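**Q** Before we start, here is the structure in question, set down as structure tokens.
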Amino acid sequence: MPKISEIENTPNPNAMKFILKEPLTWGIARSYDNVTQAEGDPLASALFDIEHVTNVFYVDHWITVTQDGAADWQELKRKIAEPIREAPAADERSAQVAAAAAQPAADMSEADLARLDRINNLLDEEIRPYLQGDGGDIYVVSLEANKLTVHYQGACGSCPSSLSGTLAGIENLLKSVEPDIEVIAA
């Protein structure tokens, strides 16, 4: 059962980041925009049972919960804390699943896999730490020719600056390794 060590505000006023003492997963991010997507995930389902919760994102030692803007955070944080404390901590099986999920896409060419690795390395070094620090993340949905499709998770998913400034900044950064790349948010 994970214990909450800290609760942090994020740049998105409708999202709160809960830092945990024990991990919920080992490297596998879980992101849900509604209760239907969360089916089969007891923690996310329990959080969606709380009125006003609109998004749940978690990985490793933290979880970000987004609300619709109509709830008082003081009251909502107390309600959210209960299912988090009742959730099981990550186990060995979670670590094995994380390792298996890290395998590259089978349908990509060697050249595209190398491009994707360069892009992900740059995102890992320059972008993801900041997004994760703010209770969110980004993952690559697809790389087709010079079009990179990304998806924001957690607090970043509904943050107004994600689709404006951050996306343009990511595209500018990636142009240093892929001059003709176009970055699109899905």
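**Q** Quick check: is even one residue across region 42-57 aliphatic (A, V, I, L, M), within 22 Å of residue 140 (Cα to Cα), in contact with a strand residue (DSSP E or B) (Cβ under 7 Å, 6 or more places away or on another chain) and touching a residue at least 12 places away in the same chain (Cβ under 8 Å)?
**A** Residues of region 42-57 aliphatic (A, V, I, L, M): 43-44, 46-47, 50, 53, 56.
Next, from what is left, pick out any that are within 22 Å of residue 140 (Cα to Cα): 56.
Still in the running and in contact with a strand residue (DSSP E or B) (Cβ under 7 Å, 6 or more places away or on another chain): 56.
Filter again for touching a residue at least 12 places away in the same chain (Cβ under 8 Å), leaving 56.
Checking region 42-57: at least one residue is aliphatic (A, V, I, L, M), within 22 Å of residue 140 (Cα to Cα), in contact with a strand residue (DSSP E or B) (Cβ under 7 Å, 6 or more places away or on another chain) and touching a residue at least 12 places away in the same chain (Cβ under 8 Å).
**Q** Here's a check for you: in region 31-63, which residue that is of a type in the set (S, T, N, Q) and outside any helix (DSSP H, G or I) is nearest to the chain's Cα centre (by Cα)? Lay out the reasoning, then the answer.
**A** Here is the first cut: in region 31-63, the ones of a type in the set (S, T, N, Q) are 31, 34, 36-37, 45, 54-55.
Restricting the remaining residues to those that are outside any helix (DSSP H, G or I) gives 31, 34, 36-37, 54-55.
Numbers: 31: 6, 34: 14, 36: 18, 37: 14, 54: 14, 55: 10 Å.
Only one residue tops the list, namely 31.
**Q** Quick one: what pairs do we get from region 117-131, first residue surrounded by fewer than 16 Cβ atoms within 10 Å (Cβ to Cβ), second among the basic types (Lys, Arg), C-beta under 6 Å, 6+ apart or different chains?
**A** none
**Q** A further question on this structure: How many of the residues in region 9-31 are among the polar types (S, T, N, Q) and farther than 23 Å from residue 68 by Cβ?
**A** 1
**Q** A further question on this structure: Do we find that residue 90 is surrounded by 17 or more Cβ atoms within 10 Å (Cβ to Cβ), assigned by TED's automatic domain parsing to the domain that holds residue 41 and either modelled with pLDDT of 90 or more or not polar (S, T, N, Q) (or both) in this structure?
**A** Details: surrounded by 17 or more Cβ atoms within 10 Å (Cβ to Cβ): yes; assigned by TED's automatic domain parsing to the domain that holds residue 41: yes; either modelled with pLDDT of 90 or more or not polar (S, T, N, Q) (or both): yes.
So residue 90 passes the test.
**Q** Within the set of pairs 6+ apart or on separate chains, which have a first residue in region 1-30 that is at positive phi, a second that is of a type in the set (Ser, Thr, Tyr) and surrounded by fewer than 14 Cβ atoms within 10 Å (Cβ to Cβ), and C-beta atoms under 9 Å apart?
**A** none
**Q** Continuing with this model, one more query. Filter region 64-82 down to the residues that are within 22 Å of the chain's Cα centre (by Cα) and either assigned to a helix (DSSP H, G or I) or free of Cβ contacts under 8 Å to residues at least 60 places away in the same chain (or both) and list them by number. Quick ask: steps written out before the conclusion?
**A** Within region 64-82, the subset within 22 Å of the chain's Cα centre (by Cα) is 64-69, 73, 76-77, 79-82.
Of everything in region 64-82, those that are within 22 Å of the chain's Cα centre (by Cα) and either assigned to a helix (DSSP H, G or I) or free of Cβ contacts under 8 Å to residues at least 60 places away in the same chain (or both) turn out to be 65, 67, 68, 69, 73, 76, 77, 79, 80, 81, 82.
**Q** Another one. Please go through region 140-158 and pick out each residue that is without any contact (Cβ under 8 Å) to a residue 60 or more places away in the chain and aliphatic (A, V, I, L, M).
**A** Those that are without any contact (Cβ under 8 Å) to a residue 60 or more places away in the chain and aliphatic (A, V, I, L, M): 140, 141, 143, 145, 148, 150.
**Q** OK, next. Name the residues in region 115-142 that are aliphatic (A, V, I, L, M), more than 22 Å from residue 19 (Cα to Cα) and modelled with pLDDT under 90, would you?
**A** 140, 141 - these are the residues of region 115-142 that are aliphatic (A, V, I, L, M), more than 22 Å from residue 19 (Cα to Cα) and modelled with pLDDT under 90.
The values are calculated or read from the model by the stated rules, or taken from the named source; none is laboratory data. What you see is a predicted model, and the numbers here were worked out from it, not measured in a lab. Because the Cβ atoms are built from the backbone with ideal geometry, glycine has one as well, and the counts that use them run over all protein chains shown.
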